[in-house]
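Asker: Handing you a structure now.
The values are calculated or read from the model by the stated rules, or taken from the named source; none is laboratory data. Being a predicted model, the structure only gives us computed values, none of them experimental. For neighbour counting, all protein chains shown are included, and Cβ atoms are generated from backbone atoms with ideal geometry for every residue, glycine included. Heads up: the accessible areas ignore ligands, DNA and RNA and are worked out on the full protein's heavy atoms, side chains in. Shrake-Rupley method; radii C 1.70, N 1.55, O 1.52, S 1.80 Å.
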Amino acid sequence: MLQTEFVKNLHSNYERILLEEMPQERRYQYCMLSRGGIKGLLPCSLRYLNGRAYLYYDITSLQNVQQCFQKRKISREWMKDFVWSFKQIRQELERFLLNAGNILWYPGQIYQDLEDNVFSFFYVPYYEGDNGFRDLLEFLIEYMDYEDEVLVECVYKMYEQYERNGDTYLQHHFFEDARMLEKEETGICGQEGQKKATAPCTEDVKEDIYEQLGREAEDNDVGERKGFLAFFENRRHKNRKRKADYRQELQISMEGFAVAEELDYESRENEDFGKTVYIEEPQEKKKVVRRLYSSEGRVLAKLEDVLTIGKKKEEVDLVLEDASISRMHARITREGEDYFLEDINSTNGTFKNGLRLQPYEKKRLQEEDEIMLGKVGLTFR
């Protein structure tokens, strides 16, 4: 398993990988990687620190894919851009006689420029471990737009084929299956030929559609049906688990409330039988509402579970129009009763009481903490 961490110097952000063995710098792949200029690969340099070797990948002004879809769905257009970048990087690697199997496909190691939607990839010379493509497919399953039937079918087929054929599938048939994305767009709840469903697609309706698709697949190929139902059973299982977790949380939240004690109706000897008993209810704990204030004392945001801050309107919850703010700059998340500040690979940095956070580092916030995002000052109260 690769050991990665984020580091920052004065002008750049890096994600670095610790190499298990000392590299042979003169070998071809290391020479080509350090030479740079390969379109689609993150710029990389080999460095030594305290007797250990690291690969430093420059991720300045980029966001990893895992961070981009915390609050939105993966669309077919995004998938098309990704497939195009995938094809381009494979062609580039073939041109330079580099092994495409050394690309890392983990969602946290795929970076995207949010301005032009260009993707950049990790290349690890002579890497023989898991490349993470299965993790990427599971990520797509979790966050893709289930209103788009074509997208669902395409990702399903990719998942099934990769399960059967492994990395061989990436070399020969991946791009053939990706052509499905060029079909006319239909909503999974709509009629054929319609571009968008006119009514929202509920989970119950989706369940019926998936079962119907499974029955249709059964008429064509029993094996395909089993694969299809197994694919979506994971989604249904997660939905059931969420509901079960909700019920469990509800039960836990009800603990401490008074419940009437069972009475023995056959016994009349108890002199208290039939009397009304006053049951004192515990006082509810008052929920503390936290807010972000500007340097002038103006309320900028009321904090809920997640607040993403930046200047790209489509990606963030709180837009700050300042040149020092990155498109996705920082995030505040709630965990229980605590709030945490996280830098999400900003260019000009995120500071808590004057101390700079490393990229993707999280720090717990306390009342009256001063936050600096680039040159913009905020206060947590």
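Asker: Ranked from highest to lowest mean number of other Cβ atoms within 10 Å per residue, what is the order of the peptides 111-118, 25-32?
Answerer: Answer by packing, highest mean first, reads 111-118, 25-32.
Asker: Taking the alpha-carbon centroid of each part, what is the distance from region 52-71 to region 113-170 in angstrom?
Answerer: A separation of 17 Å, based on Cα centres.
Asker: Something else now. Using a 1.4 Å probe on the protein heavy atoms, what percent of the accessible area of region 20-141 belongs to carbon and sulfur?
Answerer: 44 percent
Asker: Each residue of region 104-113 in turn: what ³J(HN,Hα) in whole Hz from Karplus with 6.51, -1.76, 1.60 and θ = phi - 60°, glycine and Pro shown as x?
Answerer: 8, 10, 4, x, x, 10, 10, 10, 9, 8
Asker: Moving on to the next point. Could you please report the charge total around T350, scoring K, R as +1 and D, E as -1 over all other residues with beta-carbon less than 11 angstrom from its beta-carbon?
Answerer: Net of charged neighbours comes to +3.
Asker: Place the peptides 147-160, 11-24 in order of packing, highest mean first, counting for every residue the other Cβ atoms within 10 Å and averaging per peptide. Write down the numbers at each step before the final one.
Answerer: On the way: 147-160: 20.9, 11-24: 15.5.
So the order, starting with the most tightly packed, is 147-160, 11-24.
Asker: Additional query: Which value does Rg/Rh take for region 11-84 over its C-alpha atoms, Rh per Kirkwood?
Answerer: 1.07
Asker: Would you please put 53-63, 164-174, 79-89, 294-304 in order of how densely packed they are, using the mean number of other Cβ atoms within 10 angstrom per residue and starting with the highest?
Answerer: 53-63, 79-89, 164-174, 294-304
Asker: Would you mind counting up the charge near F122? Only other residues with Cβ under 12 Å from its Cβ, with Lys and Arg at +1 and Asp and Glu at -1.
Answerer: Computed value for this residue: -1.
Asker: Counting heavy atoms of the protein chains only and a 1.4 Å probe, report the per residue accessible area for region 1-103 as a whole number of Å². Mind showing how you got there, number by number?
Answerer: Values: 5850 Å² over 103 residues.
Averaged over the residues of region 1-103, the accessible area is 57 Å².
Asker: Note down the magnitude of the dipole of region 1-148 about its Cα centre, charges +1 on Lys and Arg C-beta and -1 on Asp and Glu C-beta and zero elsewhere, to the nearest 20 debye.
Answerer: Approximately 460 debye in magnitude.
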